[in-house]
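Working notes, structure below.
What follows draws every value from the coordinates through simple rules; no lab data is involved. Here the structure is a predicted model, which is why all the values come from computation and not from measurement. Ideal geometry is used to build each Cβ from the backbone, glycine not excepted, and the neighbour counts take in all protein chains shown.
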Amino acid sequence: MTIVVKIGGASGNTLDPLVADLAGRRDYVLVHGGSDRVDRLGEAMGRPAEYYTSPSGVVSRRSDPAHLEVVVLALAGGVQTEIVAALFRRGVRAVGLSGVDGGLLLARRKEGAREAVGGRVLRLADDRSGTVERVDATLLRALLGLGIVPVVGPPAITAQGEIVNVDADRVAAEVATALGAQALLLLTNVPGLLRDRTDPTTLVRSVPREGGDEFLAMAAGRMRKKVLAARAAVAGGVPRVVIGTSQGIDPVRRALAGEGTVFA
Ligand code: ADP
C-alpha cells in the first residue's frame, strides 16, 4: 500500500508531528507546498508575492519569470531540503525531487491564464504557470522499492523544457492517481473544509462524489484548490481522500482514520 501525504506551506503548518508520525513508514510519497516561505523569500529579494483571481474565482500566485525564480529557490532549495533533513533526523532516507528532476512532473503551460480585474478579464503577461499532465510513476516506484522516500514539490517541466510553477495540491492528486495510491491526505492549517472558515466547529465531515459544487462554493481562496484537487483524486480512482489538519500529534494516522473532510 502506498499513500501520498501533502503538507501545506502556509503559516501554521507544523512539520515535526508529521515526520514523527511518518518515521516508521516507508510506503509514502511526501508532497509539499511552501507558500509562506516563497512569500518571505520574495520579500527579502525585493520581489513581493502577487496574487490574482481567475474569472472562476480561483486565487493563484503570479508566476512571471522573476516570481517563478523565487518559487524555485524557496521550494527546491529551501523547504524541500529541510523536509529531507527532518526525515533524516528520524532515520528516514529521503530524496527531494522537484518536478523538473528526472522529468518527474510533465506539465503543459497555461496559455490562456486570465485574471478578473474590476469586472474586466485580462490576459496575464508572461505567465509561467502550468498544469501537470503526466507523472513519472516509475521513478517514484523505483525509489520506494529501494526504501527511499520521495519528497516532491513544484516546479514542473514542460515538454519543451520550460520550468513552470504548478499547484502543489494538484501535484499531490496527480501523484496519488499515477501511483494508484490507497490514500491521499492533504494536510493543512485548518481541520478540513469548514462551512464557516472562521469557525473550526463547522467541519464538513464528508463530501459525496455527486453534488460537490455546494462544497466548492464554501471554499474560498486556496481551499478551493484543495477541494478541486481532492475531487480530481477521487475521479482518478484514489479510494481514500482526506483534507485534514497538519497540527497536533499523529496527523497522518488521524487523517487515515477519517479525521477531517473525507471525499468519497
Ligand atoms: P496550505 O499551505 O496548508 O496548503 P492554504 O493556505 O493554501 O494551505 O489553504 C488553507 C486555507 O484556506 C485556510 O488556512 C483558510 O484560510 C482558507 N480557507 C478558505 N475557505 C475555507 C473553508 N471553507 N474551510 C477551510 N479553510 C478555508
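Report the normalised scattering of region 142-254 as log10 I(q)/I(0) at q = 0.13, 0.23 Å⁻¹, calculated by the Debye formula with identical scatterers on the alpha carbons.
Relative scattering, expressed as log10 I(q)/I(0), comes to -0.56, -1.42.
So for the pair residue 257, residue 206, with labels modelled 7 Å out along Cα→Cβ, what separation do we get in nm?
1.8 nm
With a ≥ b ≥ c the root eigenvalues of the C-alpha gyration tensor of region 155-200, is it rounded (a/c under 1.5), prolate (a/b larger than b/c) or oblate?
Details: a/c = 4.51, a/b = 1.78, b/c = 2.53.
Oblate.
In what sequence do 121, 72, 171, 252 fall when counting other Cβ within 10 Å, fewest first?
On the way: 121 10, 72 17, 171 27, 252 24.
Final ranking by Cβ density, sparse to dense: 121, 72, 252, 171.
If we count GluC sites (Glu not before Pro) as exposed when they sit in a DSSP loop and have at most 15 other beta carbons within 10 Å, what is the longest stretch of the chain that avoids them all?
Details: sites that count: 50, 111, 162, 210.
So the longest stretch without any such site is 51-110.
Kirkwood hydrodynamic radius, region 72-188, all distinct C-alpha pairs: what's the number in Å? Please list the in-between numbers first.
On the way: mean 1/r = 0.0652 Å⁻¹.
Across region 72-188, the inverse of the average 1/r is 15.3 Å.
Whole percent per 10 Å bin, from 0 to the bin with the longest distance: what is P(r) over all C-alpha pairs of region 6-50?
Reading upward from the zero bin: 25, 40, 24, 11, 0.
Only loop residues by DSSP count here, and only those with at most 16 other Cβ atoms within 10 Å; note down the trypsin sites (Lys or Arg not before Pro) in region 190-246 that meet that. Walk me through the numbers before you get to the answer.
Numbers: sites: 195, 197, 205, 209, 222, 224, 225, 226, 231, 240; in loops: 195, 197, 205, 209.
Hits after loop and neighbour filter: 195, 197, 205, 209.
Just to verify a number: FRET efficiency for residue 235 and residue 89, C-beta to C-beta distance, R0 = 41 Å, to 0.05? Write out the running numbers ahead of the final one.
Values: r = 37 Å, r/R0 = 0.90.
Efficiency computed from Cβ-Cβ geometry: 0.65.
Using only the Cα atoms of region 2-110, what semi-axes does the equivalent ellipsoid have when each is the square root of 5 times a gyration tensor eigenvalue? Give whole Å, largest first. Walk me through the intermediate numbers first.
Details: eigenvalues 141, 51, 40 Å².
Largest first, region 2-110 gives 27, 16, 14 Å.
In deg cm²/dmol and to the nearest 500, what is the mean residue ellipticity at 222 nm of the chain if only DSSP H runs of at least 4 residues count, each as -39500 (n - 2.57), divided by the residue total?
On the way: 9 runs with 85 residues, N = 264.
Helix-only estimate at 222 nm: -9500 deg cm²/dmol.
Quick one: compute the contact order of region 42-173, relative version, from alpha carbon pairs under 8 angstrom and 6+ residues apart, as a percent. Display every interim value, and only then the final one.
Numbers: 221 pairs, mean separation 36.2, N = 132.
Computed value for region 42-173: 27 percent relative contact order.
Note down the relative contact order for region 71-122 as a percent, whole number, built from C-alpha pairs under 8 angstrom at least six residues apart.
Values: 23 pairs, mean separation 9.9, N = 52.
Relative CO of region 71-122 lands at 19 percent.
So what are the chain's ellipsoid semi-axes, whole angstrom, largest first, if each one is the square root of 5 times an eigenvalue of the alpha-carbon gyration tensor?
On the way: eigenvalues 132, 105, 63 Å².
Working from the Cα gyration tensor, I get semi-axes of 26, 23, 18 Å.
Considering the zone a paramagnetic label at residue 146 would reach in this model (a point 7 Å from Cα along the Cα-to-Cβ line), which residues of region 92-136 have amide N under 12 Å from it?
93-96
Describe numerically, in nm with one decimal, the distance between label points set 7 Å from Cα along Cα→Cβ at residue 160 and at residue 54.
2.0 nm
With the dipole of the chain worked out from charges on the C-beta (+1 for Lys and Arg, -1 for Asp and Glu) around the Cα centre, which of 239, 137, 65 lies farthest toward the positive end?
239
Any chance you could check the Cα centroid distance between region 214-260 and region 142-201 for me, in angstrom?
With region 214-260 and region 142-201 each reduced to a Cα centre, they are spaced 11 Å.
Once you keep just the Cα pairs under 8 angstrom separated by 6 or more residues, what percentage relative contact order results for the chain?
RCO, the chain: 24 percent.
Which of 67, 32 has the fewest other C-beta atoms within 10 Å, and how do the rest follow up to the most? Don't skip to the end; give the middle numbers.
Working: 67 21, 32 25.
Sorted ascending by nearby Cβ count, the order is 67, 32.
Counting other beta carbons within 10 Å of each residue's own, what order do 215, 263 fall into, fewest first?
On the way: 215 19, 263 26.
The order, fewest Cβ neighbours first, is 215, 263.
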